[in-house]
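The values are calculated or read from the model by the stated rules, or taken from the named source; none is laboratory data. On a predicted model such as this, the values are computed, not experimentally measured, just so you know. Counting neighbours? That spans all protein chains shown, and the Cβs are built from the backbone with ideal geometry, glycine included. Heads up: the accessible areas ignore ligands, DNA and RNA and are worked out on the full protein's heavy atoms, side chains in. Shrake-Rupley method; radii C 1.70, N 1.55, O 1.52, S 1.80 Å.
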Amino acid sequence: MVDAVKLTDDEVVALAGRVGGAWMGPLPSVDDGNSVSLMQAFLRGERSFAMRGGVVMSSEGVTYSLADLGDMFGDAFGVRPQLLGYVADRSTPTVPAGTSIAVFRRDEASRIVALTRREGITEFALVDSTSARQIIRTMWEAPSAATENTGMLAVVLAAPTGESSGRTLTVTKDTAHEGTFDADGVNFVVRGLADGSLEELLAGV
């Protein structure tokens with residue numbers, strides 16, 4: 001089992017302030033485009049850390065100090081994810097509607113995986129690159145098992161190719177497309193999914 005640390009959105013913002021780099025992953029409960037909202041989240045997060053006694057217990061019962069968290073996950077702040085995957089309604093693919101997974105490079109062998117739930121709770125874990133790719137593959141395969149009640153499910157993967165541009169892969173129960181994004185917006189349907197595109201995208205993780 002992977003040892004993971006759960007933080008609220010407010011605590012993620014507070015940790016970002018401590019390590020000196022903005023969090024560029026999902027923050028479902030915080031308006032990260034508003035400086036006032038971010039400052040309020042930072043203060044709430046600091047209060048929450050104080051209530052925890054300045055330590056956080058992991059899923060495996062390991063107690064980490066805030067300095068430990070900075071050492072373990074600091075490389076995930078101040079940079080864009082190498083890959084972001086999220087669940088959306090197929091009619092509104094730009095809007096995450098479920099779990100999001102962001103993958104960040106820590107060093108040659110290890111990756112930081114941040115799994116964010118809709119209610120604003122993120123689980124941070126250190127895994128190797130092979131495990132990170134498998135986590136994304138599992139998410140990608142979810143629509144193929146969709147039932148009548150989940151048939152509107154889409155999974156979107158997005159990876160940067162430049163400072164403000166990148167590519168997307170989107171899959172639903174019955175379709176799969178490649179797209180692009182840049183400063184002007186997103187085009188999710190540039191062409192059908194080509195053979196090998198998923199593995200090509202994952203090779204960068």
Cα→Cβ-extended label distance, 7 Å offset, between SER48 and SER65, nm: 2.2
Ranked order, MET57, MET51 - accessible area, probe 1.4 Å, largest first: MET51, MET57
Three-way shape label, region 43-130, alpha-carbon gyration tensor, a/c 1.5: oblate
Calculated diffusion of region 104-205, Stokes-Einstein form, Kirkwood radius summed over Cα pairs, 25 °C and 0.890 mPa s, µm²/s: 165
5 angstrom amide H check on ARG167, placed H, neighbours 5+ away: ALA159, THR161, PHE181
Highest-first arrangement of 156-164, 62-70, 24-32, where packing means the average Cβ count within 10 Å: 24-32, 156-164, 62-70
Carbon/sulfur fraction of accessible area - the chain, other protein chains in place, 1.4 Å, %: 52
Taking only Cα atoms of region 84-153, radius of gyration then Dmax in Å: 13.2, 42
Gain on full stretching of the segment that runs from LEU193 to SER37 - 0.36 nm per residue minus C-alpha separation: 52.3 nm
Phi-based couplings in Hz for region 27-33 (Karplus 6.51, -1.76, 1.60; Gly and Pro marked x): 9, x, 9, 10, 7, 6, x
C-alpha center-to-center spacing [region 188-205, region 50-119] in angstrom: 23
Surface accessible to a 1.4 Å probe, per residue, for the residues of the chain, Å²: 50
Peptides 184-193, 13-22 ordered by average Cβ neighbours within 10 Å, highest first: 13-22, 184-193
Projected-area average for the chain over all orientations - Cα convex hull basis, square nanometres: 11.9
Cα Rg, Dmax (largest Cα-Cα span) when computed across region 58-102, Å: 15.0, 42
Cut-off under 5 Å, modelled amide H: who pairs with LEU83 long-range: VAL103
³J(HN,Hα) computed for each position of region 43-56 - Karplus, 6.51 cos²θ - 1.76 cosθ + 1.60, integer Hz, glycine/proline x: 5, 5, x, 5, 5, 5, 4, 5, 5, 7, x, x, 9, 10
Size of charge dipole - the chain - debye, nearest 20, with Cβ of Lys, Arg +1 and Asp, Glu -1, no other charges: 220
Cα pair count fraction exceeding 22 Å, expressed as % - region 1-91: 30
